[in-house]
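To keep things clear, I will list the structure first and then write my remarks on it.
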Amino acid sequence: MSFLEKDLTAKFSHYIKLHPNQFQFSAAIEFKVAKGNTLNLIHDMQPQQIPSLIKAKYNILYHKISDMSANLKPFDSFILHNTKSFIAIVFNPKPRKPKTIYFVPINIVLYLQLLQNSISLNNAIHYSEFTITL
């Protein structure tokens, strides 16, 4: 069974509920699961994701939460302004093994995108602001 992005976000949501003091800041986070040791920033990202993280970090990002959601909404919309922004990556996840999430800041992602259009596991180890193991 494959470990998917939806599995990662569910595990992270559970982790945050158990460790509420882990994050003493607000953040914009795009979660990604790399099937190998590299995340391709062109093929593995949707076109709006990096620009949205940049807006949240360096400018202002407004987002309305869809009224079509089956779940109860916490509120209608939010604004992120000068907010920490990350691509959070799990590399090569194995079933029933711990998964380490590398939180790579968007400014580092932009730098790596200019150099090589990808983030390797070694890049993530070197540049991540912090990690969480689930």
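In the range 73-88, the qualifying residues are those that are of a type outside the set (D, E, K, R) and surrounded by fewer than 17 Cβ atoms within 10 Å (Cβ to Cβ), and the one that is nearest to F103 (Cα to Cα) is N82.
Condition check ((1) aliphatic (A, V, I, L, M); (2) in contact with an Asp or Glu (Cβ under 9 Å, 6 or more places away or on another chain); (3) modelled with pLDDT of 95 or more) across all residues:
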position	(1), (2), (3)
Y15	no, no, yes
N21	no, no, no
F31	no, yes, yes
P51	no, no, yes
D67	no, yes, no
D76	no, yes, no
K84	no, yes, yes
A88	yes, yes, yes
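Can you find a residue that is among the aromatic types (F, W, Y), under 24 Å from Y15 (Cα atoms), in a loop (DSSP other than H, G, I, E, B) and free of Cβ contacts under 8 Å to residues at least 60 places away in the same chain anywhere in the range 68-77? Yes, the range 68-77 has at least one match. Screening the candidates A70, A34 for the property of being surrounded by 12 or more Cβ atoms within 10 Å (Cβ to Cβ) and either among the small types (G, A, S) or closer than 25 Å to S120 by Cβ (or both) yields one hit, A34. When each of S26, S13, S2 is tested for being loosely packed, with under 12 Cβ neighbours inside 10 Å, over 15 Å from F91 (Cα atoms) and small (G, A, S), the lone residue that passes is S13.
Cβ-Cβ distances below 8 Å connect no pair with a first residue in the range 121-132 that is under 13 Å from I87 (Cα atoms), a second residue that is among the basic types (K, R) and not in a strand (DSSP E or B), and a separation of six or more residues or different chains.
Can you work out which of the residues in the range 19-72 that are of a type in the set (V, I, T) and within 20 Å of T100 (Cβ to Cβ) is nearest to the chain's Cα centre (by Cα)? Taking the candidates together, the pick is I29. Here I42 passes the criteria (1) modelled with pLDDT under 95; (2) over 20 Å from N122 (Cβ atoms) except the one numbered (2).
Among the residues of the range 98-116, are any in contact with a His (Cβ under 9 Å, 6 or more places away or on another chain), β-branched (V, I, T), surrounded by fewer than 18 Cβ atoms within 10 Å (Cβ to Cβ) and outside any helix (DSSP H, G or I)? Taking every residue of the range 98-116 in turn, none turns out to be in contact with a His (Cβ under 9 Å, 6 or more places away or on another chain), β-branched (V, I, T), surrounded by fewer than 18 Cβ atoms within 10 Å (Cβ to Cβ) and outside any helix (DSSP H, G or I). What pairs come up if the first residue lies in the range 2-13 and is farther than 13 Å from K35 by Cβ, the second is at pLDDT 95 or above and assigned to a loop (DSSP other than H, G, I, E, B), and their beta carbons are under 8 Å apart, counting only those six or more places apart or on different chains? Every condition considered, the pairs that remain are K11/K99.
Close Cβ contacts (under 9 Å, 6 or more residues apart or on different chains) running from residues in the range 31-49 that are in a strand (DSSP E or B) to residues that are polar (S, T, N, Q) and loosely packed, with under 10 Cβ neighbours inside 10 Å comprise V33/S2.
The values are calculated or read from the model by the stated rules, or taken from the named source; none is laboratory data. What you see is a predicted model; the values in this text were computed from it and never measured. Note that we place each Cβ from the backbone using ideal geometry, even for glycine, and neighbour counts take in every protein chain shown.
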